[in-house]
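This report concerns only the one structure given below.
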Amino acid sequence: MCAVGKGMIADLLIVDDTPANLHLLADLLKQRGYKVRPVPSGELALRAATAYPPDLVLLDINMPNMSGFEVCERLKKDARLRDIPVIFISALDETLDKVKAFTLGGVDYITKPFQFEEVLARVQTHLELRNRERQLKESFGQLQSLEQSRDNLVHMMVHDMRSQLTVISAGLGMVRVMCKEGRIPDGKLLADMTTSAHRLIEMITQVLDISRFEAGQMPLIKASCDIAQLAREAMDSFLSTVGGRELRLLAPVPVTVPCDLDVVRRILANLLVNAFKYSPKNGQVTVVVRDESGMAHISVSDSGPGIPPELQQNIFNKFGQADVSHKRMGSGLGLAFCRLAVEAHGGRIGVESQSGQGSTFWFTLPGGGGPVAG
């Protein structure tokens with residue numbers, strides 16, 4: 001077995017100053033499917049390893065000018081080469097020689113004259129160990145990245161929640177003063193406090209629902225629903241925040257599909273929040289609902305700054321969102337919820353965007369019977 005990874009062939013560097021040993025071992029390993037580079041000296045071995053690091057080195061000890069011990073020592077001092085497994089193959093069979101070989105970083109020691117099946121077994125073993133070590137390092141790196149993203153997300157969530165709690169706390173303080181003085185609390189102040197409380201509840205709800213979706217424990221209560229009408233209702237709830245923006249709905253006919261009404265309403269609300277947040281005051285937010293062969297296709301477009309291509313691939317990920325939030329999407333929980341909710345319905349979700357040209361977030365919901373008569 002010569003693979004070191006899926007679709008990859010192990011590259012072996014064989015170092016021995018005896019031509020007969022060198023060619024014999026190289027030929028036998030080539031027959032087993034390995035890529036083999038035989039070199040007759042330590043100097044050539046270091047050049048070959050530096051130019052193209054091998055997956056494993058088979059190294060003789062007694063060689064003129066530079067011994068195998070020195071070759072191994074120099075390999076281990078090079079950051080690019082130190083993790084390459086080195087198997088010594090030598091006629092030296094003293095315990096002290098073997099101890100020195102392992103002390104210098106060798107992973108195994110085979111005494112000459114060698115049995116090829118033994119060499120093959122040890123090569124396969126150390127290649128497999130090397131492959132698993134690489135996989136562990138990759139997994140560890142991914143875990144570190146995930147942990148950092150999670151920490152970033154938690155930090156932003158705490159910051160967002162603290163902001164809402166600050167509004168509520170300050171408002172309550174003013175209400176207490178007003179009540180003590182016999183004055184009626186300011187209506188706008190109470191409205192701001194109520195809005196902040198609702199936002200805080202929504203953040204907590206989304207955290208809980210994301211966890212339930214991921215655990216497969218979020219029940220969907222489906223019923224036949226006109227998505228065009230649902231989009232119209234969702235947009236009506238944003239009329240007080242339109243400002244100078246133009247709000248348009250393009251839904252020429254009703255589009256009916258089975259879905260969880262409350263969950264889809266929250267998907268639309270999250271996408272509209274993003275669209276309003278990043279569209280300028282004189283910008284435009286457009287919602288389009290259409291039927292595509294019995295499948296509802298819904299899109300929400302804004303006239304904001306757009307999203308760079310390198311950030312789009314992770315924009316619906318719970319933790320990946322944290323990495324781009326300072327440029328785009330707050331804590332990122334809203335879009336993570338949207339992705340999980342759409343996928344739970346058997347649909348798809350995506351984004352189309354170019355820097356400076358706005359963004360269009362879209363999703364599909366399957367299973368409908370197409371447009372119904374209005």
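What to note about this one:
- Cα long-axis angle, helix 19-31 against the chain (0 to 90 degrees, to the nearest 10): 40
- At 1.567 mPa s and 4 °C, Stokes D of the chain from Kirkwood alpha-carbon radius, µm² per second: 49
- Taken along its three principal axes, the alpha carbon spread of segment 1-151 comes to 57, 31, 29 Å, from the longest extent down to the shortest.
- Beta bridges from DSSP with both residues in the chain: antiparallel share about 55 percent, rounded to the nearest 5.
- The label point for residue 128 and the one for residue 191, both projected 7 Å from the Cα toward the Cβ, are 7.1 nm apart.
- Cα gyration tensor, segment 61-143 - rounded (a/c under 1.5), prolate or oblate: oblate
- Cα gyration tensor, segment 1-75 - rounded (a/c under 1.5), prolate or oblate: oblate
- q = 0.14, 0.20, 0.27, 0.34 Å⁻¹, segment 86-130: log10 I(q)/I(0) [Debye, one scatterer per Cα]: -0.32, -0.63, -1.00, -1.19
- Between residue 65 and residue 343, the simple spin-label model (points 7 angstrom out along Cα→Cβ) gives 5.8 nm.
- Measure of compaction for segment 165-225 (Cα Rg per 2.2 N^0.38 Å): 1.72
- For the chain, calculated [θ]222 nm from helices alone, where every DSSP H run of n ≥ 4 adds -39500 (n - 2.57): -16500 deg cm²/dmol
- Build a GNM of the chain with springs between Cα atoms under 10 Å apart, and of 256, 360, 166 the one that fluctuates most is 166.
- Taking 217, 115, 124 as the candidate residues, the one with maximal mean-square fluctuation in a Gaussian network model of the chain, Cα springs under 10 Å, is 115.
- Here the simple spin-label model places points 7 Å from the Cα toward Cβ, and for residue 51 and residue 168 these points are separated by 6.9 nm.
- Of the GluC sites (Glu not before Pro) in segment 180-216, the ones in a loop by DSSP (not H, G, I, E or B) with at most 15 other beta carbons within 10 Å are 181.
- Kirkwood-based Rg to Rh ratio, segment 230-285, C-alpha trace: 0.99
- Protein heavy-atom accessible surface, 1.4 Å probe, per residue over the chain: 52 Å².
- Among the trypsin sites (Lys or Arg not before Pro) in segment 177-245, those located in a DSSP loop and surrounded by at most 15 other Cβ atoms within 10 Å of their own Cβ are 183.
- Neighbours of residue 360, meaning other residues whose beta-carbon lies under 12 angstrom from its beta-carbon, give a summed charge of -2 when Lys and Arg score +1 and Asp and Glu score -1.
- Loop-located trypsin sites (Lys or Arg not before Pro) in segment 26-113 (DSSP state not H, G, I, E or B) with no more than 16 neighbouring Cβ atoms inside 10 Å: 32, 80, 82.
- Bins of 10 Å, starting at 0 and running to the largest distance - Cα pair percent for segment 189-288: 13, 38, 35, 14, 0
- Relative contact order of segment 18-73, pairs being alpha-carbon contacts under 8 Å that are 6 or more residues apart, as %: 29
- Rounded if a/c under 1.5, otherwise prolate or oblate - segment 47-107, Cα gyration tensor axes: prolate
The values are calculated or read from the model by the stated rules, or taken from the named source; none is laboratory data. Since the model is a prediction, treat every value here as computed from it, not as a measurement. Ideal geometry is used to build each Cβ from the backbone, glycine not excepted, and the neighbour counts take in all protein chains shown. The accessibility values were calculated without ligands, DNA or RNA, using every heavy atom of the protein model including side chains. Shrake-Rupley method; radii C 1.70, N 1.55, O 1.52, S 1.80 Å.
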